[in-house]
1. Given Glu114, Glu138, which one is in contact with a Cys (Cβ under 8 Å, 6 or more places away or on another chain) and of a type in the set (D, E, K, R)?
2. When residues of the range 69-93 are filtered for being more than 19 Å from Ile112 (Cα to Cα) and within 22 Å of the chain's Cα centre (by Cα), how many remain?
3. Please report, ordered by residue number, the strands (runs of 3 or more DSSP E) entirely within the range 1-62 with at least 2 residues that are small (Gly, Ala, Ser) and either in contact with a Gly (Cβ under 7 Å, 6 or more places away or on another chain) or under 21 Å from Ala215 (Cα atoms) (or both).
4. What pairs come out if I take residues in the range 226-244 that are without any contact (Cβ under 8 Å) to a residue 24 or more places away in the chain and pair them with residues that are of a type in the set (Ser, Thr, Tyr) and exposed (fewer than 15 other Cβ atoms within 10 Å of the Cβ) whose C-beta lies under 7 Å away, six or more apart or interchain?
5. What are the residues in the range 84-116 that are surrounded by fewer than 18 Cβ atoms within 10 Å (Cβ to Cβ) and under 25 Å from Leu187 (Cβ atoms), if any?
6. If you scan the range 105-123, which residues turn out to be part of a helix (DSSP H, G or I), charged (D, E, K, R) and more than 18 Å from Val88 (Cβ to Cβ)?
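Read the figures in this text as sums done on the coordinates, not as results from a lab. For clarity, every value in this text was computed on a predicted model and none was experimentally measured. Every residue, glycine among them, receives a Cβ derived from its backbone with ideal geometry; neighbour counts consider all protein chains shown.
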Amino acid sequence: MSLRVTDLRVEIGGRAVVDGISFEVPDGARVGLIGESGSGKSLTALAILGLLPDGARATGSVRWNDREILGLPDRDLARLRGDDIGMVFQEPRTALNPLHTVGRQIGESVRIHERVSRREALRRAVAEAGRVALPDPERIVSRYPHQLSGGQRQRVAIAMALACRPRLLIADEPTTALDVTIQAGVLSLLRELVQDAGMSLVFITHDLAVLAQVATHAVVLEHGRVVERGEVSELLRAPSSPITKALLRDATATLWHPEHPGRDAGTPTNPRGPSRAHGEAAAGEETP
């Protein structure tokens, strides 16, 4: 399955905030949308899933597996969300329901899309919690979001997005609110889960060095338009647009070493030393 976005425009109050964006995500590809705040990258993701805020209007074309999904009724889009396309939002504290246990929230999409019993949904929630390297999954699923650390909440959000085994994952700045150490663990986890499942990935970020850890290709946005695109490794070595050069200067999470030709694209080094395995990072996180 593949995603094809063609001449996507999003208007709010008569002003184009996304202005003719086009890109493709072939089956199994890992593509990044990168740009500064206000570049339109998050609105692009919301338009794909039909989650734009009130007053926003999207035109153009969004095709998923050769099916036009832009403008589909909410009922049809709801079937796609979580089942075919999963999304991890930027701030899990607001994405998670504070009144429900994390186990209930992880299992909710399974109940909706697969029509399983509550008991089976809870069993799946425990399995998914373990899959995203949350410590003591049986205990974690009985807790509420406020009882978990920021890194653990983000892992819960990832588990929710992947519970029904979607073919495409959209991750919108999923590590922005995390410190560098926990960020590295979450990025490593995402990369491994996507690769192991053969999923496609759209990763949204403002940090080129972060993008290098999870994506192979990038689309650079500025003021709602595409200004550059290409392999992440090439953008890191020889950016051509002024905005890409500025993003490279501002990349602070990791340190890229283009002088090492043997290093694979998408595997920068961490100036604070080697990051822990994602399981160790999760186990070491403390709850508030």
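1. Glu114
2. Matching residues across the range 69-93 total 7.
3. Output list reads 15-25.
4. The qualifying pairs are Glu228/Ser240.
5. Selection gives Glu91, Arg93, Thr94.
6. Scanning the range 105-123 gives Arg111, Glu114, Arg118, Arg119, Glu120, Arg123.
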